[in-house]
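What follows is one structure encoded as structure tokens, with my remarks underneath.
The values are calculated or read from the model by the stated rules, or taken from the named source; none is laboratory data. Keep in mind it's a predicted model, so treat the numbers as computed, not measured. All Cβ positions, even for glycine, are placed from backbone atoms using ideal geometry, and neighbour counts span all protein chains on display.
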Amino acid sequence: MIKIWEKRLKHNLPILPLTIFLIIISGSLILGFSIIYDIVATHSVGENLRLDNEFIKIDFPKNWAAYSWNEKNAGGNVYNVFLYPKNFSFIILFKIYDEDATQHFMEKNNLKDALAVVNFETRRMYNEIRKKNENSSLLFKETGGIKIWEVQANYSKIIIKDAIEYEGTFHNMTYLAISYIKNHRLVEIFFWRRREDYGKLSVPFEKILNSTRIKV
């Protein structure tokens, strides 16, 4: 089990703007790609839906939505899965790189290992937030190592002040990036939402993560 969560806080769930998701997508530094984008085909497994293909097996609640797409260019291929509950209370994104895409991404951004990747991704998110609201600021950062699916990974978690605008009011955001490299292939996992609700949403995130298996 992965334990890098904050204490449970007593707030209601807001709708998370889709623009937060678009920050990650528009911020991709693998440029010039074509995108194959699909609604994920799933089947029921008990109380959950299951996505099971050549890249990933993942179980998630039936009231959630899931989409996948491939980024393709001369640098290689990146398979993506985007998961969210219907009320957009938070977002989970998986990115699975092939060997060529991994090498392209690491060399282009001068990154040497998974620790450098998570630090790069949290820094990139913070810079994107600052572009949209120059009054936002970094409140907290934590970086460390974890074991996930029997693989040693790195994570970086940040809290950004005034990052998310909801109903005319800015809220703090917690953003978590997890990364590892296995068989020369990079895997990234992102989880983000309004900070006030991060604690109560760590449980479903942890269940989803523990049900997931990366196949490459």
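General observations
- The set of residues from the range 107-116 being assigned to a helix (DSSP H, G or I) and at pLDDT 95 or above comprises A114, L115, A116.
- Filter result for F205 (more than 23 Å from P85 (Cα to Cα) and either without any contact (Cβ under 8 Å) to a residue 60 or more places away in the chain or aromatic (F, W, Y) (or both)): no
- Enumeration of residues in the range 171-216 that are in a strand (DSSP E or B), more than 12 Å from the chain's Cα centre (by Cα) and at pLDDT below 85: H171, R194
To keep it simple, each residue is scored yes or no on (1) at pLDDT 90 or above; (2) aromatic (F, W, Y); (3) outside any helix (DSSP H, G or I).
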{"residue": "D38", "(1), (2), (3)": "no, no, yes"}
{"residue": "R50", "(1), (2), (3)": "no, no, yes"}
{"residue": "A65", "(1), (2), (3)": "no, no, yes"}
{"residue": "E71", "(1), (2), (3)": "no, no, yes"}
{"residue": "F88", "(1), (2), (3)": "no, yes, yes"}
{"residue": "F105", "(1), (2), (3)": "yes, yes, no"}
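- Residue satisfying all of: in the range 52-61; in a loop (DSSP other than H, G, I, E, B) and surrounded by 12 or more Cβ atoms within 10 Å (Cβ to Cβ); modelled with the highest pLDDT among these: F55
- Boolean, I160 is buried (at least 22 other Cβ atoms within 10 Å of the Cβ) and more than 26 Å from D59 (Cβ to Cβ): yes
- Members of the range 109-142 that are touching a Phe, Trp or Tyr at 6+ places or on another chain (Cβ under 7 Å), closer than 25 Å to R213 by Cα and among the polar types (S, T, N, Q): T122
- Restricting attention to the range 86-142 and to residues that are hydroxyl-bearing (S, T, Y) and in contact with a helix residue (DSSP H, G or I) (Cβ under 7 Å, 6 or more places away or on another chain), the residue that is farthest from K57 (Cα to Cα) turns out to be S136.
- Complete set of residues in the range 93-127 that are acidic (D, E), surrounded by 15 or more Cβ atoms within 10 Å (Cβ to Cβ) and under 17 Å from G76 (Cβ atoms): D98, D100
- The range 90-103, residues that are at pLDDT below 90 and more than 16 Å from W192 (Cβ to Cβ): none
- Members of the range 133-165 found to be touching an Asp or Glu at 6+ places or on another chain (Cβ under 6 Å) and assigned to a strand (DSSP E or B), listed by number: K157
- Which numbered condition E167 fails, given (1) closer than 29 Å to N77 by Cα; (2) surrounded by fewer than 20 Cβ atoms within 10 Å (Cβ to Cβ); (3) acidic (D, E): (1)
- The residue that is modelled with the lowest pLDDT, among those in the range 137-170 that are farther than 10 Å from T122 by Cβ and aromatic (F, W, Y), is Y166.
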